[in-house]
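K.L.:
Below are the C-alpha cells for one structure; questions will follow.
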Amino acid sequence: MPINELINILDLLGTLVFAISGVIAAVERKFDLVGAFIIGFVTALGGGTTRDLLMGSTPVTWMREPHYLLVIVAAMALCYLFFPQLSKVRKSIFIFDSIGLGLFSILGLQKALIAELSVPVALILGIVSAVFGGVIRDVLTNQVPLIFRKEIYALASLAGALLYWLGTLFNFSSALNALISISLVVLIRSLAVSRGWESPFLPLGKKKDPS
C-alpha cells in the first residue's frame with residue numbers, strides 16, 4: 001500500500017476515534033445533538049485547525065476536504081446507536097487513540113517542515129496537532145485537560161515526532177519511519193497506563209517525597 005494511501009486511511013481512522021471520544025464525553029454529560037457534534041468536532045479537528053491557523057494555512061484542511069465532517073457525523077451515529085457497547089469497550093479503542101496521537105504528531109511535524117519552519121517549532125506544531133483537540137474537549141466539558149495532568153500524553157507525542165524527525169535525517173523509508181514512530185507512541189502510552197507511569201515533572205511548588 002502506498003504511504004500516502006496508508007496515511008489517509010489512518011488519518012480518517014484517527015479522526016473517527018477522536019470524534020467518538022468527544023461524542024461519548026458529550027453524551028455522558030447529557031449534551032444535546034448540537035453539543036455532541038461540537039464536542040466531537042473540536043476533539044477530532046481542533047488540533048489540525050489550530051496548527052493550520054498558526055501556520056497561516058487557510059482555508060484549514062477540513063474546509064477543503066469536507067469528508068472529515070462526514071466522519072464526525074458517522075461518529076455521532078455510532079455513539080447514539082451503540083453507546084452502551086462503546087462505553088463498555090472504551091478501553092479497547094485506547095490503541096486507536098494512541099495510533100491517532102502518533103499519526104497526528106507526525107502529520108503536524110511534516111506539514112511544518114514542508115513550510116520550512118525550524119525543527120523545534122515543527123515539533124511543537126506536531127504536539128499541537130495531536131493533543132489540542134483533546135484540550136478543547138476537556139475545557140468545554142469542564143475537565144482538567146489530560147496534558148495538564150501527570151499522565152504521560154504530550155511527552156509520548158513529542159517522542160514519536162522526534163523519532164520521526166531523526167529518521168528523516170537518516171533517509172529512512174517514510175512508511176517504515178512512520179510505523180516505527182507511531183509504534184513508539186503506542187508503546188509509551190500503553191506502558192504509562194498499565195504501569196502507572198507519570199510525568200517526571202512535578203507541579204510547581206510541590207516537593208518530591210523523600211521516601
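K.L.:
Could you tell me whether any residue of region 26-48 is modelled with pLDDT under 85 and part of a helix (DSSP H, G or I)?
P.N.:
Checked against the condition, which is being modelled with pLDDT under 85 and part of a helix (DSSP H, G or I), region 26-48 yields at least one hit.
K.L.:
If you don't mind, another one. Being at pLDDT below 80 and surrounded by fewer than 19 Cβ atoms within 10 Å (Cβ to Cβ) narrows it down to one of V139, V193, so name that one.
P.N.:
V193 is the lone residue from the list that is at pLDDT below 80 and surrounded by fewer than 19 Cβ atoms within 10 Å (Cβ to Cβ).
K.L.:
Follow-up. Can you tell me which residues in region 70-83 are modelled with pLDDT of 90 or more and within 17 Å of the chain's Cα centre (by Cα)?
P.N.:
V71, I72
K.L.:
A further question follows. Taking the residues in region 115-137 that are assigned to a helix (DSSP H, G or I), in contact with a helix residue (DSSP H, G or I) (Cβ under 9 Å, 6 or more places away or on another chain) and free of Cβ contacts under 8 Å to residues at least 60 places away in the same chain as candidates, determine which candidate is farthest from A178 (Cα to Cα).
P.N.:
V121
K.L.:
Moving to a separate point now. Which condition breaks for I7 when tested against (1) at pLDDT 85 or above; (2) within 19 Å of L125 (Cβ to Cβ)?
P.N.:
Among (1) at pLDDT 85 or above; (2) within 19 Å of L125 (Cβ to Cβ), the lone unmet condition for I7 is (1).
The values are calculated or read from the model by the stated rules, or taken from the named source; none is laboratory data. Since this is a predicted model, take the numbers as computed values, not measurements. Please note: Cβ atoms are built from the backbone with ideal geometry, for glycine as well, and neighbour counts cover all protein chains shown.
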